[in-house]
1. Filter the stretch 3-31 for residues that are closer than 23 Å to ASP63 by Cα and among the β-branched types (Val, Ile, Thr) and give the result.
2. Do the conditions hold for GLY10, that is, is it part of a helix (DSSP H, G or I) and closer than 20 Å to LEU99 by Cβ?
3. Quick one: how many residues across the stretch 1-39 are exposed (fewer than 14 other Cβ atoms within 10 Å of the Cβ), of a type in the set (A, V, I, L, M) and either in contact (Cβ under 8 Å) with a residue 60 or more places away in the chain or out of contact with any Leu (no Cβ under 9 Å at 6 or more places or on another chain) (or both)?
4. Residues ASP46, ASP57: which one is at pLDDT 95 or above and more than 16 Å from the chain's Cα centre (by Cα)?
5. Out of everything in the stretch 72-113 that is over 10 Å from the mean Cα position of the chain (by Cα) and β-branched (Val, Ile, Thr), what residue ends up being modelled with the highest pLDDT?
6. Is one or more of the residues making up the stretch 26-41 touching a strand residue (DSSP E or B) at 6+ places or on another chain (Cβ under 6 Å) and modelled with pLDDT of 95 or more?
Amino acid sequence: MSTLPWLCFGDFNAILDQGEKKGGLPKPSYLIQGFREALEDAGLLDFPLGGYGFTYDNGRKGDACVEKKLDRFLTSSLWRQKFPLATSTTFDFSSSDHLPIFMRIKAWIPRAQAANSDLRTPGLVTQDADPWFWTAGRSVELRSWNIN
């Protein structure tokens, strides 16, 4: 295992438990267990994802509709220690069969380096990292969308 902080994200085309799938036949337990073991072997943890609980929709209606949480952020415990204020969510719109996922990373910075930062909270200074998110294989800088 690496001693560096890791953040991996994207469409893993796998679920971690049956609760991450709605509709259709149950996913075989050996596939779920295999994904869980791969993450454990790599020292990666599933990062909590806010917003709608499923990131994939097969586009069908009624009993034929299948939704799954396939897109996710995976982190090492060291990454979580380095970025304890990070949050993630799904967007509620998409031109794809997958919802985009977004992570907001707030990094702690020393007060001496906090030029132009919000200093109203004593002892705590944060600075947003450059906001990027991934969708359909393209990186898009969210700053131009004015998303806070």
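The values are calculated or read from the model by the stated rules, or taken from the named source; none is laboratory data. This structure is a prediction, so every number in the text was calculated from the model and none was measured. With ideal geometry, Cβ positions are generated from the backbone for all residues, glycine too; neighbour counts draw on all protein chains shown.
1. ILE15
2. Numbers: part of a helix (DSSP H, G or I): no; closer than 20 Å to LEU99 by Cβ: yes.
Judged against the criteria, GLY10 is not a match.
3. 4
4. Working: ASP46 fails: more than 16 Å from the chain's Cα centre (by Cα).
Answer to the selection: ASP57.
5. ILE105
6. Our first condition is that a residue be touching a strand residue (DSSP E or B) at 6+ places or on another chain (Cβ under 6 Å); within the stretch 26-41, this holds for 27.
Filter again for modelled with pLDDT of 95 or more, leaving 27.
Yes - at least one qualifying residue is present in the stretch 26-41.
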